[in-house]
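Presented below is the structure to which this report refers.
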Amino acid sequence: MSGVARRTVDVAVVGSGPSGLVAARRLAAAGADVVVLEREAAPGGVPRHSAHTGYGLRDRHRLMTGPAYAARLAEEADAAGATLRTEATVTGWAGPRALAVTSPAGLEELDAGAVVLATGARERPRPARLVAGDRPMGVVTTGLLQQLVHLHDRLSASRAVVVGAELVSWSAVLTLREAGCATVLMTSEHDVAEAPAPLRWLGPRALGVPLATRTRVARILGRGRVEGVEVVDTRSGARSQVACDLVVFTGSWRAEGELARTAGLQVDPASGAPVVDTELRTSAPGVFAAGNLVHPVDTADVAALGGAHVADAVRRWLEAPALPPRGVALAAEAPLAWVAPTVLRPGDRPPPRRRLLAWSTEARALAAVRLTQDGREIARRRLPWAVSPGRVLRLPAGLLDAVDLAGGPVRLTLD
Amino acid sequence: MAEGAAPGAATATSPAAGGVPTYDVAVVGAGVVGCAVARELAGFDLSVALLEARDDVGDVTSKANTAIWHTGFDASPGTLEARLVARGWQLLGDYAEATGIPLERTGALLVAWDDEQRDALPGLERKARENGYERCEIVDAERVYALEPALGPGARGGLVVPDEGIVCPWTTTLALALDAQARGTAVRLGHHVDGVEVGATHTRLVTSAGPVDARWVVGAAGLGADHLDRAFGHERFTVTPRRGQLLVFDKLARRLVDRVVLPVPTAKGKGVLVSPTVYGNVMVGPTAEDLADRRATGTTEEGLAGLLARSEGLVPALADEELTATYAGLRAATEHRDYVVEVDAAQRYLCLGGIRSTGLTSSMALGEHVAALLADAGVELTPRTDLPPPPAMPPIGEAQRRPYADAERIAADPDYGRVVCFCERVTRGEVRDALASPLPPSDLGGVRRRTRATMGRCQAFFCGAEVAAMLVEGARGGAR
Ligand SMILES: Cc1cc2nc3c(=O)[nH]c(=O)nc-3n(C[C@H](O)[C@H](O)[C@H](O)COP(=O)(O)OP(=O)(O)OC[C@H]3O[C@@H](n4cnc5c(N)ncnc54)[C@H](O)[C@@H]3O)c2cc1C
Ligand SMILES: Cc1cc2nc3c(=O)[nH]c(=O)nc-3n(C[C@H](O)[C@H](O)[C@H](O)COP(=O)(O)OP(=O)(O)OC[C@H]3O[C@@H](n4cnc5c(N)ncnc54)[C@H](O)[C@@H]3O)c2cc1C
């Protein structure tokens with residue numbers, strides 16, 4: 001095609017959220033030629049839109065606001081010598097490790113020695129949840145809500161219904177409060193709210209938010225503008241209507257995995273995430289993935305530490321681009337929806353932070369995880385905390401010690 | 001008063017007193033049909049007004065349909081509908097080429113899922129021939145799966161209809177409206193026609209934005225066609241809205257479906273189809289539910305659940321794909337099985353009613369038909385020789401070269417390289433152009449229909465705020 005610039009680079013990182021920025025910083029510091037491609041006008045990813053504090057605990061050992069955290073990570077990547085390109089959208093693939101990029105400078109094919117996908121995750125919007133009704137204005141996700149409030153200072157609503165009771169849902173409640181909008185109801189389809197216990201107990205009381213568990217939002221009411229929602233009690237089937245002028249669909253995360261799909265990478269249908277091994281290699285040689293793209297979703301510090309982890313794997317690939325040895329597949333079984341990483345290979349490091357990340361669809365006050373391989377239980381461990389849906393479950397990687405890396409697939413479930 | 005009039009267009013006469021604008025023809029309703037009629041009539045030496053209740057054109061049924069470009073192979077032979085769909089297929093196909101309306105000649109495959117349906121195929125082929133369509137071909141199950149490998153099990157055979165296709169309903173309506181406007185039609189949005197006063201030479205249309213006088217009135221009011229007809233004193237038909245709900249699957253599902261996959265039609269209607277869309281998605285629907293409420297454009301839990309189950313039967317791999325959108329549209333069905341097209345020469349009124357499930361395809365043929373009927377009724381139609389070229393519509397179809405992928409456009413204007421809606425890859429330049437067009441959007445829905453912005457899988461998670469800000473700035477800019 002004419003008019004397409006062609007460039008080569010050691011590493012192309014797609015996405016400048018915490019995971020992408022930290023990976024880029026570390027690789028650039030080690031001397032690699034690194035380009036970060038970010039489709040937004042400024043680097044930083046989701047924390048850029050998230051004005052509240054709560055960032056940086058595990059990676060920087062202090063708490064910062066989202067924008068401050070994003071700015072710091074971007075400065076550090078830049079200082080280490082990574083090239084941060086904004087308004088640069090990766091639209092597809094021009095080769096196994098070549099990216100098609102659109103930016104105001106034109107079209108470009110960036111051929112990289114290694115590609116790190118760090119494209120994050122997004123919340124499932126209303127259509128994906130099959131909520132009936134007309135299509136009035138005033139139906140948003142937390143992501144849109146926070147951009148409207150923080151980046152554009154534009155929200156005209158006074159009564160919101162927040163669908164979901166995950167961590168991010170409380171973040172939505174705080175944002176609404178800041179914008180002068182009351183949360184008149186928070187709904188959860190589960191028996192207990194998904195957020196951790198302190199929030200679960202303090203949240204409703206401190207913030208004055210009524211919480212309806214075992215409740216499904218079935219229909220949006222209103223035509224031009226939202227007038228309310230119809231909710232169903234999932235035990236009794238009873239229906240009622242709640243008046244509101246804003247509905248916020250929160251959580252129910254899905255990997256932003258379009259590039260993973262169009263590359264033909266193996267993808268976990270439950271999360272939309274590319275399948276990775278503990279070094280964060282995807283199923284395509286030289287293509288890696290990190291952050292919320294592989295675990296939709298965990299906190300930013302966990303994403304950042306995943307970025308650091310993948311950088312070392314990328315460095316080794318650049319030094320010696322060899323195919324990894326055969327591995328053993330790890331699969332989640334109900335009530336677990338997914339687990340990451342899912343490929344265990346001899347000689348690989350343990351996963352980032354020595355943790356397996358998983359997602360449960362059910363709440364369990366007391367739970368144990370169980371691993372089986374070739375029909376035998378190989379590990380079982382009582383969890384010291386309750387399991388809750390809508391929140392990532394972090395499991396010690398020591399569980400994997402008993403896996404026979406020459407054996408059959410391993411299954412992970414909850415007892 | 002005749003702002004927007006092209007040089008050479010007949011302009012409205014303003015009677016001295018009162019200043020009520022007066023036109024040769026007023027078309028009531030700016031759906032795809034009204035826009036096509038106005039465009040056609042503005043091709044003659046006539047002054048034309050297009051009166052629309054809403055704040056945008058194509059904001060009712062014309063925006064919420066299945067978007068199939070029908071050949072008319074399955075129409076009832078001998079009806080006006082059959083004739084106009086076949087003619088409209090030709091006209092719209094040519095017009096799409098001239099204007100850049102997204103249209104893909106995908107072809108269709110009608111699939112028989114049991115023996116009874118398979119036995120119905122020869123009858124359908126015969127019917128197509130009666131409709132003047134000769135290119136249907138009956139195929140066996142093996143061929144069905146060769147054509148559409150992702151179809152679920154159980155197909156017994158099929159009928160290939162190579163000339164069916166898919167089209168962008170939003171761009172179609174807009175192109176016709178912009179063309180009408182460029183030809184001098186006064187496009188009057190926010191004008192709900194509440195009543196008519198038929199005079200000796202003119203009819204006064206009482207609208208929500210003041211009176212408008214016209215010698216002739218053409219009703220193209222869709223779901224409100226019977227109300228307008230009654231205002232002229234007729235009792236000819238009643239509109240019974242027939243709702244059609246639809247599911248739109250993620251673009252990543254597009255590889256699963258190559259052409260329009262139709263069911264064997266039953267007495268109840270055309271049935272649920274699976275089709276690619278020109279935006280690169282896969283669509284499943286529509287349902288057919290007779291209702292009383294003409295504004296019931298909401299989806300229902302049963303409707304969505306039923307369609308989801310149907311999708312997974314038709315194309316099992318859809319179960320792993322995400323839903324991007326759900327919506328519903330209302331067909332303006334009546335008690336008649338054909339279109340209701342009637343001329344009332346005494347009152348200089350022409351009624352277009354019951355254009356229920358094929359109007360997108362037949363719209364331009366309806367335009368031609370209206371012109372012929374008006375000529376028969378004695379309206380002098382002198383073709384203009386100074387018509388402007390048809391509008392060049394933005395390439396929002398996946399099969400077209402989109403601005404984000406067009407190196408030359410980006411080089412000429414970097415705003416075409418600034419992607420604002422990531423899922424749909426809509427650029428700042430395209431949103432800006434839509435806001436600056438002679439028929440700008442009035443709200444976010446209008447931006448979406450002109451550019452696709454926010455209609456992707458994230459449903460504005462990433463870009464909604466940015467696009468909303470551009471809309472507000474654009475509106476302010478426009479007011480200045
Ligand atoms: C409302 C909300 C509140 C939160 N609160 C907290 C909190 O208090 N504390 C905390 O630790 N975490 C919080 N999180 C989670 C945290 O924001 C994420 O864990 C973190 O941002 C994940 O980082 P990431 O690098 O995986 O991806 P992201 O931050 O999601 O970044 C991905 C980036 O990739 C870019 N991208 C995607 N596709 C392309 C493409 N094709 N081309 C170019 N660029 C592309 C995107 O534009 C984006 O900038 C919150 C999240 C949300 C939504
Ligand atoms: C589910 C579904 C699927 C369909 N699939 C297809 C398909 O695949 N292919 C195809 O060709 N066709 C299809 N159709 C049919 C097609 O959409 C319609 O035939 C076509 O849109 C009708 O256009 P219209 O202009 O008559 O009506 P509309 O688009 O409804 O326009 C009528 C306009 O008149 C205005 N109006 C009404 N009353 C007044 C008044 N008193 N004063 C001022 N303005 C007024 C309204 O506001 C409206 O804008 C489908 C329809 C549905 C519902």
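The values are calculated or read from the model by the stated rules, or taken from the named source; none is laboratory data. All of these numbers come straight from a predicted model, not from anything done at the bench. Cβ: placed from backbone, ideal geometry, glycine included. Neighbour counts: every protein chain shown. SASA here: full protein model, heavy atoms, side chains in, ligands and nucleic acids out. Shrake-Rupley method; radii C 1.70, N 1.55, O 1.52, S 1.80 Å.
Key figures
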item: Condition met for residue B:328 (loosely packed, with under 15 Cβ neighbours inside 10 Å, out of contact with any Leu (no Cβ under 6 Å at 6 or more places or on another chain), within 14 Å of another protein chain (Cβ to nearest Cβ) and of a type outside the set (Asp, Glu)); result: no
item: Search result, residues across the stretch B:374-406 that are under 17 Å from residue B:251 (Cα atoms) and in contact with a Gly (Cβ under 6 Å, 6 or more places away or on another chain); result: B:398
item: Lone qualifier among B:99, B:106 - being at pLDDT 95 or above and closer than 14 Å to residue B:164 by Cα; result: B:106
item: Residue check, residue A:51 more than 9 Å from ligand 1 (Cβ to nearest atom), open to solvent by 20 Å² or more (accessible area, probe 1.4 Å) and more than 19 Å from residue A:260 (Cβ to Cβ); result: yes
item: The stretch B:104-143: number of residues that are open to solvent by 40 Å² or more (accessible area, probe 1.4 Å) and within 16 Å of residue B:90 (Cα to Cα); result: 4
item: Matching residues in the stretch B:238-263 - criterion: being aliphatic (A, V, I, L, M) and open to solvent by less than 10 Å² (accessible area, probe 1.4 Å); result: B:239, B:246, B:247, B:253, B:257, B:260, B:261
item: Selection from the stretch A:357-379 of residues that are out of contact with any Pro (no Cβ under 8 Å at 6 or more places or on another chain) and closer than 18 Å to residue A:405 by Cα; result: A:370, A:371, A:372, A:374, A:375, A:376, A:377, A:378, A:379
item: In the stretch B:152-167, the residues that are away from ligand 2 (no atom under 16 Å from the Cβ) and buried (at least 18 other Cβ atoms within 10 Å of the Cβ); result: B:155, B:157, B:158, B:159, B:160
item: Unmet requirement for residue A:295, which otherwise passes all of (1) over 20 Å from residue A:412 (Cβ atoms); (2) modelled with pLDDT of 95 or more; result: (1)
item: Test: residue in the stretch B:264-282 that is open to solvent by less than 10 Å² (accessible area, probe 1.4 Å), closer than 30 Å to residue B:457 by Cα, out of contact with any strand residue (DSSP E or B) (no Cβ under 7 Å at 6 or more places or on another chain) and not aromatic (Phe, Trp, Tyr); result: yes
item: Near pairs, Cβ below 9 angstrom, 6+ apart or cross-chain, from the stretch B:345-358 (assigned by TED's automatic domain parsing to the domain that holds residue B:273) to any residue that is within 9 Å of ligand 2 (Cβ to nearest atom) and modelled with pLDDT of 95 or more; result: none
item: Condition check for residue A:291: away from ligand 1 (no atom under 13 Å from the Cβ), in the same structural domain as residue A:73 (by TED's automatic domain parsing) and at positive phi; result: no
item: Residue selected from the stretch A:106-126 under the condition assigned to a loop (DSSP other than H, G, I, E, B) and either at the interface with chain B (Cβ under 7 Å from one of its Cβ atoms) or in contact with a Ser or Thr (Cβ under 7 Å, 6 or more places away or on another chain) (or both), by the criterion surrounded by the most Cβ atoms within 10 Å (Cβ to Cβ); result: A:118
item: Single condition residue B:283 does not satisfy, out of (1) in a strand (DSSP E or B); (2) modelled with pLDDT under 95; (3) aliphatic (A, V, I, L, M); result: (2)
item: So residue A:104, is it more than 9 Å from ligand 1 (Cβ to nearest atom) and either outside the structural domain of residue A:153 (by TED's automatic domain parsing) or aromatic (Phe, Trp, Tyr) (or both); result: yes
item: Helices (runs of 4 or more DSSP H) enclosed by the stretch B:93-212 - at least 2 residues per element that are not assigned by TED's automatic domain parsing to the domain that holds residue B:265; result: B:169-182
item: Residue tally, condition free of Cβ contacts under 8 Å to residues at least 40 places away in the same chain and either open to solvent by less than 20 Å² (accessible area, probe 1.4 Å) or near ligand 1 (Cβ under 9 Å from one of its atoms) (or both), over the stretch A:25-47; result: 1
item: Some residue of the stretch A:386-395 being in contact (Cβ under 8 Å) with a residue 40 or more places away in the chain and more than 30 Å from residue A:170 (Cβ to Cβ); result: no
item: Verdict on residue A:207 being assigned by TED's automatic domain parsing to the domain that holds residue A:188, open to solvent by 30 Å² or more (accessible area, probe 1.4 Å) and within 16 Å of ligand 1 (Cβ to nearest atom); result: yes
item: Qualifying residue in the stretch B:353-373 (condition: of a type in the set (A, V, I, L, M), open to solvent by less than 10 Å² (accessible area, probe 1.4 Å) and over 15 Å from residue B:220 (Cβ atoms)); result: no
item: Flag for residue B:21 being farther than 28 Å from residue B:330 by Cα, away from ligand 2 (no atom under 13 Å from the Cβ) and touching a residue at least 60 places away in the same chain (Cβ under 8 Å); result: yes
item: Count - residues of the stretch B:266-293 that are closer than 27 Å to residue B:114 by Cβ and either within 22 Å of the chain's Cα centre (by Cα) or aromatic (Phe, Trp, Tyr) (or both); result: 17
item: Per-region count, the stretch A:127-155, residues farther than 21 Å from residue B:304 by Cβ, within 7 Å of chain B (Cβ to nearest Cβ) and buried (at least 19 other Cβ atoms within 10 Å of the Cβ); result: 4
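Residue by residue, here is whether (1) within 16 Å of ligand 1 (Cβ to nearest atom); (2) closer than 30 Å to residue A:62 by Cβ; (3) free of Cβ contacts under 8 Å to residues at least 40 places away in the same chain holds:
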| site | (1), (2), (3) |
| --- | --- |
| A:310 | yes, yes, no |
| A:316 | no, no, yes |
| A:321 | no, no, no |
| A:330 | no, no, no |
| A:333 | no, no, no |
| A:336 | no, no, no |
| A:343 | no, no, no |
